[in-house]
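Okay, so here's the structure we're looking at.
The values are calculated or read from the model by the stated rules, or taken from the named source; none is laboratory data. As the structure is a prediction and not an experimental result, all values here were calculated from the model. Ideal geometry is used to build each Cβ from the backbone, glycine not excepted, and the neighbour counts take in all protein chains shown. Remember, those area values only see protein heavy atoms, side chains included, never the ligands or the DNA or RNA. Shrake-Rupley method; radii C 1.70, N 1.55, O 1.52, S 1.80 Å.
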Amino acid sequence: QFATRVVSCQAAELRPEGGGAPVRGFQVVLEDTILFPEGGGQPDDRGLIGEVPVLRVTRRGPEALHFVPAPLEPGAAVVLSLDWDRRFDHMQQHSGQHLITAIAEQMFGFKTTSWELGRQRSIIELDTPTMTAEQVEALERSVNEKIRERVPVTVRELAADDPEIETVRSRGLPDDHAGPVRVVDIEGVDSNMCCGTHVSNLSDLQVIKLLGTEKGKKNKTNLVFLAGNRVLKSIEQSHSTEKALTSLLKNGPGEHVEAVKRLQSSVKLLQKNNLNLLRDIAVLIARDFKSKPVQSQLFALHRKEGDSEFMNIIANEIGTEDTLLFLTVGDEKEAGLFLLAGPVEAVENLGPRVAELLGGKGAGKRGRFQGKATKMSQRGEAQALLQEFLNHRSPEA
């Protein structure tokens, strides 16, 4: 916690991280703050100003802007409370990144060009087109050795014109930087210009797990990692998944992969057999209709199991020169697929109206109109529309 005062409070809007409509609130500037504003690859802190939650902290020059949902009185004395779990997680990931970056450059000459502290995992972009599994393993072993050595992590502040700044690793200062330059030192390992939050000793990282590499931008490699409590959470999640699979597959963890492969093979075979049966059923349905001495002008059919091919086979077998076909597949109370087939003029006229009734969209050409439907329960209304159309066209009418 930290006691401070409100300097200013102005109406503002916040765009949610996941997208959506802007949230109305207020931007608050305090005399000083313990909440880190997002920057340097690190997300911002969260916390409370009194009882008011802080939803975002950003930087404007030397000022931290706290976005809150309720106004605060300028001049009021307030107590800041920090979300420590979030802060400590960010400290572990950021210090872990500094350590991995320094060792990767020392061991292999791979320089870090950028990094991202993600919600689930973090990524370091390395200036190398490839990184072997053996290099990843050696790097992981080396960084964890440094953690076990309990190496101190310290912070220095240097004047902007201090010549020592030239000796520390840096990607340059922001254009709106003000005040002293902050340097984070991992004793005997690294000196790096950095504004972020860090642990005071590598032992606080607990452990680092390198999850492997992914192809990055041109001639770059993304190295994915977890540090500290995220490793423990990942193990717990993996263990829970392993227990669930053991129960479902009725075998040990070492046999899970083979069991899933067997299941996949069985499913593919069943799907193939199911498709063949559906095709046979489609042909039989069409032949049954054609075998009747008097064929109606409208043929309507709904089947829960089926696909577009199933409906098109029926249409092909029956022929659509004289008969109007209305076919649907899917759950009658939910969504599905539909096909309207018949004389070109009738289908062009009725197709969009049927799609609208079924709450769906479709497209057609050469006497066929098909698409997806979200209101399969409206099937009866669509069929009534088609029957009404045919009644008005018949000579008797």
Going by the structure shown, is Asp32 open to solvent by less than 30 Å² (accessible area, probe 1.4 Å), outside the structural domain of Thr113 (by the TED database) and not in a strand (DSSP E or B)?
no
Just need a number here: residues in the range 35-44 that are in a strand (DSSP E or B) and surrounded by 17 or more Cβ atoms within 10 Å (Cβ to Cβ).
1
Counting only residues that are open to solvent by 80 Å² or more (accessible area, probe 1.4 Å) and of a type in the set (D, E, K, R), give me the strands (runs of 3 or more DSSP E) lying completely in the range 185-273 with at least 1 of them.
208-215
Considering only residues that are open to solvent by less than 40 Å² (accessible area, probe 1.4 Å), touching a strand residue (DSSP E or B) at 6+ places or on another chain (Cβ under 6 Å) and either of a type in the set (Phe, Trp, Tyr) or modelled with pLDDT of 90 or more (or both), which ones fall in the range 301-313?
Met311
Which numbered condition trips up Asp161, out of (1) farther than 18 Å from Arg59 by Cα; (2) touching a residue at least 12 places away in the same chain (Cβ under 8 Å); (3) open to solvent by 60 Å² or more (accessible area, probe 1.4 Å)?
(2)
Restricting to the range 45-62, give me the number of residues that are surrounded by fewer than 22 Cβ atoms within 10 Å (Cβ to Cβ), touching a Leu at 6+ places or on another chain (Cβ under 7 Å) and either assigned to a loop (DSSP other than H, G, I, E, B) or assigned by the TED database to the domain that holds Val184 (or both).
1
Matching entry among Leu65, Leu126 (being touching a Ser or Thr at 6+ places or on another chain (Cβ under 9 Å), outside the structural domain of Gly179 (by the TED database) and modelled with pLDDT of 95 or more):
Leu65
Counting just the residues of the range 278-300 that are among the β-branched types (Val, Ile, Thr) and either at pLDDT below 90 or surrounded by 15 or more Cβ atoms within 10 Å (Cβ to Cβ) (or both), which one comes out farthest from Phe338 (Cα to Cα)?
Val294
Does the range 282-302 include one or more residues that are in a strand (DSSP E or B), of a type in the set (Gly, Ala, Ser), within 30 Å of Leu386 (Cβ to Cβ) and under 29 Å from the mean Cα position of the chain (by Cα)?
no
Number of positions in the range 151-192 that are among the polar types (S, T, N, Q) and more than 34 Å from the chain's Cα centre (by Cα):
3
Residues of the range 1-29 that turn out to be surrounded by 12 or more Cβ atoms within 10 Å (Cβ to Cβ), under 25 Å from Cys195 (Cα atoms) and within 25 Å of the chain's Cα centre (by Cα), as a count:
1
Are any residues in the range 1-29 within 13 Å of Val78 (Cβ to Cβ) and outside any strand (DSSP E or B), and if so, which ones?
Gln1
Restricting to the range 120-135, name every residue that is over 26 Å from the mean Cα position of the chain (by Cα) and open to solvent by 20 Å² or more (accessible area, probe 1.4 Å).
Thr132, Ala133, Glu134, Gln135
Positions within the range 164-177 being surrounded by 11 or more Cβ atoms within 10 Å (Cβ to Cβ) and outside any helix (DSSP H, G or I), in sequence order:
Val168, Arg169, Ser170, Arg171, Leu173, Pro174, His177
